[in-house]
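Worksheet for the structure shown next.
The numbers here are math on the coordinates, done by the rules we state, and not lab data. Nothing here was measured: the structure is a model prediction, and the numbers come from that model. Ideal geometry is used to build each Cβ from the backbone, glycine not excepted, and the neighbour counts take in all protein chains shown.
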Amino acid sequence: MKNKLSKTRNGLLCLLIFLLWMPSVKAGSSTTQSCTVPAHDNVADGTSFYLSGLCNQERVNHWWAVFNMRREDWDNGFGYDDPCNLDLPLGRTFAALYLLTYSAEDYARTTSDFSGNALRWAYPYTATNAGKLQALCFKPGSSPGQWAGWAYGDRIELYIPFFYGFDVVTRAGTFLHEARHNAGKSHDGGTGCPRTASCDTTWSYEGSNMYEVLYLWWFGVDGTRTTTAIRNMALNRARAVHNSAFNTSPGFNI
Ligand SMILES: [Zn+2]
């Protein structure tokens, strides 16, 4: 699978090349995806606050290794050669990973330390269960824009809506959500919740939606190395998932 993220003109050029090349491609062989960087606001979505924290060789090396990241998954416009660029998917991923890693005042020093509350164990849990992180324009076989990410058991694919449609703390919560899937917990609520997709039956099922809300709530009330605005983004996302992603409402207020 080769991916390309570029400005519109290059994207069209790539598409034309692909169309010319396509007649010789057999079904099931690799395909080229093409997409563009959408409008976004790094200050409004909280991303820019984390620039100095993420732009650190030692940290980048740590995340690159922990999440089994590969050049072929993050090249071709996704940011491999420019990891501190917050306009590209790789930099936006690292911003969210910085937030997740350092959420707690006494953050876990190792990825095997699961003690403390969700604010503290969210990163070790994600690091242990996520598997490989990969960037694509969209989920193969779906409409572009339909999905933000997808967990496949041993890897997580991230798509354009994740990189540019989510604020920085929602991206961090999504890592934990997808890691919960890869730990073996699927959605069990079918289409039976208000948002009619990715539903869990109840809070006590302890699924991806519960983990996401729990972490975001903790971050909203006690997150550190952040701003009040970003804590409020966390609470807003927590409320939205709480109100829309459970077949039976958890029944408390956030
Ligand atoms: Zn899910």
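The distance from the alpha carbon centre of the stretch 174-227 to that of the stretch 132-169 is 16 Å, rounded to a whole number. Of the trypsin sites (Lys or Arg not before Pro) in the stretch 95-159, the ones in a loop by DSSP (not H, G, I, E or B) with at most 12 other beta carbons within 10 Å are 109. If only the Cβ of Lys and Arg carry +1 and only the Cβ of Asp and Glu carry -1, the dipole of the chain around its Cα centre is close to 480 debye.
Using 0.36 nm per residue and subtracting the Cα-Cα separation, the extra length available between residue 44 and residue 252 on full extension is 72.0 nm. For residue 70 and residue 142, the FRET efficiency from 1/(1 + (r/R0)^6), where r spans their Cβ atoms and R0 equals 25 Å, is about 0.65. For the options 57, 33, 134, a Gaussian network treatment of the chain with springs between C-alpha atoms closer than 10 Å singles out 57 as fluctuating the most.
Computed over the chain, the P(r) tail beyond 25 angstrom holds 42 percent of alpha carbon pairs. Straight-line cross-link partners of residue 185 among the aspartates and glutamates, defined as a Cα under 12 Å from its Cα and at least 8 positions apart when in the same chain: 200, 206.
Of the candidates 147, 74, 121, which one comes out as most mobile in a Gaussian network treatment of the chain with C-alpha springs shorter than 10 Å? Judging by the Gaussian network model, the answer is 147. Would you mind telling me the antiparallel percentage of the DSSP bridges in the chain, rounded to 5? So the antiparallel bridges in the chain amount to around 25 percent.
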